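The values are calculated or read from the model by the stated rules, or taken from the named source; none is laboratory data. Since this is a predicted model, take the numbers as computed values, not measurements. Here the Cβ is made from the backbone with ideal geometry for all residues, glycine too, and neighbour counts use every protein chain on show. Surface areas here come from the heavy atoms of the whole protein model, side chains and all, with no ligands, DNA or RNA. Shrake-Rupley method; radii C 1.70, N 1.55, O 1.52, S 1.80 Å.
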Amino acid sequence: MPSLSSVCASNAAFAPANLPIALFVGGTSGIGQATAQAFARSTNGKAHIIICGRNRSAAESTIASFPKSSQSNYEFIECDASLLKNVHATTSELLNKIPKLNFVVLSTGYLTSKFKDREDTSEGLSKKLVLDYYARWKFIYELMPLLRKAKEAGEDAKVLSVLAPGKGKPIDLEDLGLEKDYSLLKAMGNGASYNDLMVEVSFPFKSHSMYVLTIHPPSQSFAAQEPTMTFTHIFPGLVRTPIFHPSPSSYLLRLLYPLWYILSYFLSFSAKESGEYHLYALLAGAKGSFRRGPKGDVLKEGEGYFGTEEAKKKLWEHTVKVTKAET
């Protein structure tokens, strides 16, 4: 595992020849915010950074913390990514206003105390699955023309999805939207597996106790479609971010929070440390797909991975249908 000092040194050495454009979806707080701040520091303000989220005041505060230079271009785009129509509106705006896109960081999240009750959006989808998977897939899919333009210019084109590689669960191919059998734990496990298959980390899979090598059709993942780009799925570990702050409406959580904070402190990362590790993971890897741990290290092959050819095919087709993607 790389040390924090080596990670920070690597990030500080990042010196793109052209002004990079980076989009941080979920960048108004937590890991997304910390990674955006690390990116701004590493470029010394010589970057075009777009913060995308719901909280304008938080975004403006984040942007105010960025270093400034004559080349700085910082902006906020408001988007509640729990609704796919909002995602489409945002991607349409970006396609019309920027010439390329070098980096995309996706860290939208949703923490709920409801373990059995499915919370649906007004579009009839699980809010948890939308923020963990569907919205992320739609951002990547619809912004692909801008990523291609960056790559065609000989520049970086890299995507980082922050969720839970290595923490996936077997997928029910007859209930990919979790409409028949929902639980929070199942949604979390499925979201992790869906992100693996979305970026495509291909391993031999077991069939009758033998490993079988497979060839993945290009329509079933982003890495297969765009082999010269970089797609990473990273598990952040335990990070001290606002998402773990107790809800004002939950007396029990507010009562136990100080004890939890003390016990977890030495096992967790500060947001700033996590931001450096996530930036390192974003910049690492020349091309292909990767699953990485909290310090940016590549996970063991096959660890917590539940991909099969059938799963890749069915999930891709399901996602195209749900997100109303134009094919």
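Each principal axis of the Cα atoms in the stretch 16-122 has its own extent, and those three values, largest first, are 50, 27, 22 angstrom. Residues with beta-carbon under 12 Å from that of Lys312, excluding Lys312: net charge, scoring Lys, Arg +1 and Asp, Glu -1? Value of the local net charge: -3. Just so you know, the averaged projected area of the alpha carbon convex hull for the stretch 81-179 sits at 7.6 nm². The convex hull defined by the C-alpha atoms of the stretch 149-204 has an orientation-averaged projected area of 5.7 nm².
Annotation: aspartates and glutamates with alpha-carbon distance below 15 angstrom to Lys116 (same-chain offsets under eight excluded): Glu179, Asp181. For Leu111 and Glu174, a Förster radius of 30 Å and the Cβ-Cβ distance give a FRET efficiency of 0.60, rounded to the nearest 0.05. Can you give the local net charge around Thr43? Use residues other than it whose beta-carbon is closer than 13 angstrom to its beta-carbon, Lys and Arg +1, Asp and Glu -1. Every neighbour counted, the sum reads +2.
For the stretch 66-108, applying the loop criterion from DSSP together with a ceiling of 13 other beta carbons within 10 Å to the GluC sites (Glu not before Pro) yields no site. Comparing the stretch 116-155 with the 2.2 N^0.38 Å rule of thumb, its C-alpha radius of gyration ratio is 1.68 (two decimals). With a cut-off of 11 Å between beta carbons, the residues surrounding Phe14 carry a summed charge of +1, where Lys and Arg count +1 and Asp and Glu -1. Multiplying each eigenvalue of the alpha-carbon gyration tensor of the stretch 85-142 by 5 and taking the square root yields semi-axes of 27, 12, 7 Å, largest first, rounded to whole angstroms.
Solvent exposure of the stretch 47-97 amounts to 48 Å² per residue of accessible area, where only protein heavy atoms count and the probe is 1.4 Å. For a straight C-alpha distance cut-off of 21 angstrom, the lysines reachable from Lys68 (same-chain residues fewer than eight places away being disregarded) are Lys46, Lys272.
My understanding is that a pair violates if its Cα-Cα distance is over 20 Å; which of Lys149/Lys295; Lys158/Lys287; Lys138/Lys167 do that in this structure? From the list (Lys149/Lys295; Lys158/Lys287; Lys138/Lys167), the Cα-Cα distance tops 20 Å for Lys149/Lys295; Lys138/Lys167.
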